[in-house]
Amino acid sequence: MTAKREISNARAKKIKIVKEVLLYIVLALLVVYILIPFYVLLVTSVKTEQEANYVEFSWWPKYGFDFSNYGVVLADETAGITIFQSFMNTLWMSLLPTAVGVFVSALSAYGFAKLDFAFKKTMFSILLMTMMIPGCITMSTSFIIFDKMGWVDTPLPLIVPGMFGSIGILFFLRQYMMGIPDGLCDAAKIEGCGVMGVFFRIVLPLSFPAVLAQFILTFIGHYNEYLSALIYLFDPRWYTLQIALTFYDSSTTSQALTATACIVSIAPLLVIYAFTQNYILKGISMSSGLKG
């Protein structure tokens, strides 16, 4: 029996090793699949214009590196605005709705997670139902409303709606906050904290990883927003980065300059992810702030 058990254990270990090897192979292939398009952009951005436009693609610059493409892209005003100016527009148009919207969502999530009030479950169910409504359905009516308000051709339609929060963020943070023991909130109330005191001193600090993760993900969503900017922004001085890139891509025949513009737009997000990836991974776990 002992010999059979040892053979069975050895076979189980071999199967486990084979599964792990296959898993790593699949993950390696996925990484390569994801990195190849980025590498193509990066290597094209440092090629000369003639080599970049050549029909046959080369995996390495044959005629040396040409970094002047970055200077040309940053100073070009093909869209009526430079890439740097459009990046600054994107930055403040994304930060404002992200900061206010995530805070409002966190405050609402706290109410649904830790407070008792009439029709709480009904109201939360209605909010969840709004997630099932595609954005394209409300697009025309939203444009009419903003046009009547005189907000078209201004950044306000891109900023103000996001300040009211998001049901997706609310739902995620509610689930996270529900994992925080009610005893902590009750103890804070005994010590003299009011409803808002419990939120700012207990719930919000413990939910910081989840709030930060939602802040980063929401900012990335606003940063990459294209359709709303295309619909509401007509004046080039308000163009966001995505709109400027569209005009830039359609007005140049240089593959090197187009790839350079894409790298410039992607670089900030890569930097953000490089410094915050641990917070994102920790924050998106569906557990309370008390668990590791």
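The simple spin-label model puts a point 7 Å past each Cα toward its Cβ; for M132 and L23 those points are separated by 3.6 nm. For a test of the definition: using alpha carbon positions, the gyration tensor, and the 1.5 limit on a/c, classify the chain as rounded, prolate or oblate. Note, shape of the chain comes out oblate.
Net charge in the neighbourhood of S58 (other residues with Cβ under 11 Å of its Cβ; Lys, Arg +1, Asp, Glu -1) is 0.
Placing +1 on the Cβ of every Lys and Arg and -1 on the Cβ of every Asp and Glu, with nothing else charged, gives the chain a dipole about its Cα centre of roughly 1800 debye. Phi angles across region 270-282 convert, under the Karplus curve 6.51 cos²θ - 1.76 cosθ + 1.60 with θ = phi - 60°, into 3J(HN,Hα) values of 5, 5, 4, 5, 4, 8, 10, 4, 5, 5, 5, 5, 6 Hz, Gly and Pro given as x.
Sorting K121, K47 by the number of Cβ atoms found within 10 Å of their own Cβ, with the fewest placed first, yields K121, K47. Measuring r between the beta carbons of S68 and I36 and using R0 = 25 Å, the FRET efficiency lands at 0.50. For S125 and I145, a Förster radius of 35 Å and the Cβ-Cβ distance give a FRET efficiency of 0.85, rounded to the nearest 0.05.
Between the listed residues I34, V18, F57, the Cα displaced farthest toward the positive end of the dipole of region 2-69, a dipole computed from Cβ unit charges relative to the Cα centre, is found at V18. Dividing the summed helix terms, -39500 (n - 2.57) for each DSSP H run of n ≥ 4, by the number of residues in the chain produces a 222 nm estimate of -22500 deg cm²/dmol to the nearest 500. Under the combined filter of DSSP loop state and at most 14 neighbouring Cβ atoms within 10 Å, region 26-109 retains these GluC sites (Glu not before Pro): E56, E77. Take every Cα pair under 8 Å whose residues are at least 6 apart in sequence, average their separation, divide by the length of region 74-283, and the relative contact order is 35 percent.
Since every read-out is calculated from the coordinates, none of them should be taken as a lab result. Computed from a predicted model, the values in this text were never measured in an experiment. Virtual Cβ from ideal backbone geometry, glycine too; neighbours counted across all protein chains shown.
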